[in-house]
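Reading through the structure tokens given below for one structure.
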Amino acid sequence: MLSWLQLLGQKAIDFFQRLGRGHLLFIAILSGIPELLLRFRLVVQQVYSVGVLSLVIILVSGLFVGMVLGLQGYNTLVDFGAEESLGTVVALSLVRELGPVVTALLFAGRAGSALTAEIGLMKATEQLSAMEMMAVDPIRRVLSPRFLAGFISMPLLAAIFSAVGVLGGFLVGVSLLGVDEGAYWSQMQDKVDLHDDIYNGVIKSLVFGVVVTWISVFEGYDCIPTSEGVSRATTRTVVHSALVVLGLDFILTALMFGEV
Amino acid sequence: MTTRLTEIWVGVFVAAGMAALFMLAMKVSNLSTYNEGEGYIVTARFEDISGLKERSPVTMAGVRIGRVKAISFDNDSLQAVVTMRIETRHNALPKDTSASIYTAGLLGEKYVGLEPGGDDKSLKQGDVVKLTQDSLVLEKLIGQFVTKMLDNDSDGKK
């Protein structure tokens, strides 16, 4: 009984210690951002590895998600003779939900895991300690540029995802299934609001960008410096990011569109 | 050379992202058709507006000439007050124009339809549309229909 209680207590203390370390690291990363503006080249390199290299997966998935939405939406709407609303259905689901959320999940899998593995390996091979020996702060030199790059890349990727998805829906709905082209765009423009839908989608993707990169960077920096520790940290990055993104998405949606 | 290539790719990426955002704003959302600010305000009172929302279209002859700006409730007359913004270029609506609330399609959204009268004077900023017709509520219609049917039945038995 006592040992069981001890185990519970140990887990709880571990959890809160990790949480505390995570927040301290977050503050340290943020405080390293201002001086990055002077050495922006570091960030540009990271935007390349975090953003540009994720571009292919985002483009392909965006196109296919949009095409599936077009197909499924058409099949449902045609029963009511409302297939002209297809544009609205595709655009609203992409801009409000699927764009930010699916992009964040793909981003965690593609870029987040790579960040964790990279930083974890740097720690395991004592590159981070070597930097400290040379009086270079690894948080400011390694973590901050990666964090800022994730923050910049995520909304851009989400916007590309949504735009490509709308085109995918157009491809299936208009070119394949014969929805009227003018109705597709005009119904969409009639119902999608710049402020309510598009801005809120961008805000969502910004929040997800912060959270996913934060988790990835923290897991890498906080991992046990062995090959097993790095592999565990990488898994945790993907799992935790996915859970946090989906949970936060519900909260953000309730705040933005809830009207409860 | 590699850094140069990297930077070019990042430039392409950022430009593509901006272009996507721009396309979402211009092509997908209503920014291109949405010009608040210009226009004059006209109000109308209705007994029942159920289903009408802010930003619902205001049409005349089927063409959208404005949007509903605000909906409020008047405590004294117990009526709904609908404030509409009509675009400035449509400034020749007759003073005795009447307003009705219609439904687009069978289950579509509600909109305000204006019908012109014959007055020489035209509606100005702050004017009130006097002739109004309420929105048709399906439940009320069915209710009336059922009571009528029941009346007919009891009449028949006598």
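Distances between placed amide hydrogens fall under 5 Å for B:Ile65 paired with B:Val58, B:Thr59, B:Met60, all partners being 5 or more residues away or on another chain. Taking amide H as placed 1.01 Å from N in the peptide plane, B:Ser50 has its amide H under 5 Å from the amide H of B:Ser135, each at least 5 places away in sequence or on another chain. Look at the stretch A:49-58: the mean tally of other chain Cβ atoms within 10 Å of its residues' Cβ atoms is 3. Peptide A:159-172 has a mean of 3 when you count, residue by residue, the C-beta atoms of other protein chains within 10 Å of its C-beta.
Amide H contacts of B:Leu93 (H built 1.01 Å from N, in plane; Pro and chain starts excluded): B:Leu123 sit under 5 Å, all sequence-distant by 5 or more or on other chains. Per residue, chain A reaches -25000 deg cm²/dmol at 222 nm when only DSSP H runs of four or more residues are counted, each adding -39500 (n - 2.57). Counting only other chain Cβ atoms within 10 Å of each residue's Cβ, the peptide A:92-103 averages 1. Taking a straight Cα-Cα cut-off under 15 Å and skipping sequence neighbours fewer than 8 places away in the same chain, the aspartates and glutamates within cross-link reach of B:Lys140 are B:Glu47, B:Asp48. P(r) tail, chain B: Cα-Cα pairs separated by more than 27 Å, 46% of all pairs.
Summary of packing: across the peptides A:82-93, B:78-89, A:9-20, the per-residue average of other C-beta atoms within 10 Å ranks them, highest first, as A:82-93, B:78-89, A:9-20. Helix A:144-170: angle to the longest alpha-carbon principal axis of chain A, degrees 0 to 90, nearest 10? Approximately 20 degrees, to the nearest ten. Dimensions of segment A:33-96 along the principal axes, based on C-alpha atoms and rounded to the nearest Å, stand at 58, 22, 12, largest first.
The charge dipole of chain B, taken about its Cα centre with unit charges on the Cβ atoms of Lys, Arg (+1), Asp and Glu (-1) only, comes to about 440 debye. Rounded to the nearest 5, the antiparallel percentage of DSSP beta bridges internal to the protein assembly as shown is 75%. Normalised by 2.2 N^0.38 Å, where N counts its residues, the alpha-carbon radius of gyration of segment A:182-229 equals 2.04.
With the convex hull of the Cα atoms taken as the outline of segment A:127-254, the averaged projected area works out to 10.8 nm².
Express the Stokes-Einstein translational diffusion coefficient of the protein assembly as shown in µm² s⁻¹, to the nearest whole number, given a Kirkwood radius over alpha-carbon pairs, 10 °C and a viscosity of 1.306 mPa s.
Taking Rh from Cα pairs, D becomes 62 µm²/s.
Only Cα pairs under 8 Å and 6+ residues apart enter the sum, and on that basis the relative contact order of segment B:52-137 stands at 29 percent.
Sequence-distant contacts, meaning Cα pairs under 8 Å at least 6 residues apart, place the relative contact order of chain B at 23 percent.
Mean separation of Cα pairs under 8 Å and 6 or more residues apart, divided by the residue count, gives segment A:102-260 a relative contact order of 46 percent. Here's the list of aspartates and glutamates a cross-link from B:Lys27 could span, going by alpha-carbon distance under 17 Å and ignoring same-chain residues fewer than 8 apart: A:Glu84, A:Asp180, A:Glu181, A:Asp190, A:Asp193, A:Asp196, A:Asp197.
Where a number appears in this text, it was derived from the coordinates with a stated rule and is not lab data. Values in this document were obtained by computation on a predicted structure and should not be read as measured data. A quick note on method: Cβ atoms are made from the backbone with ideal geometry, for glycine too, and the neighbour counts reach across all protein chains shown.
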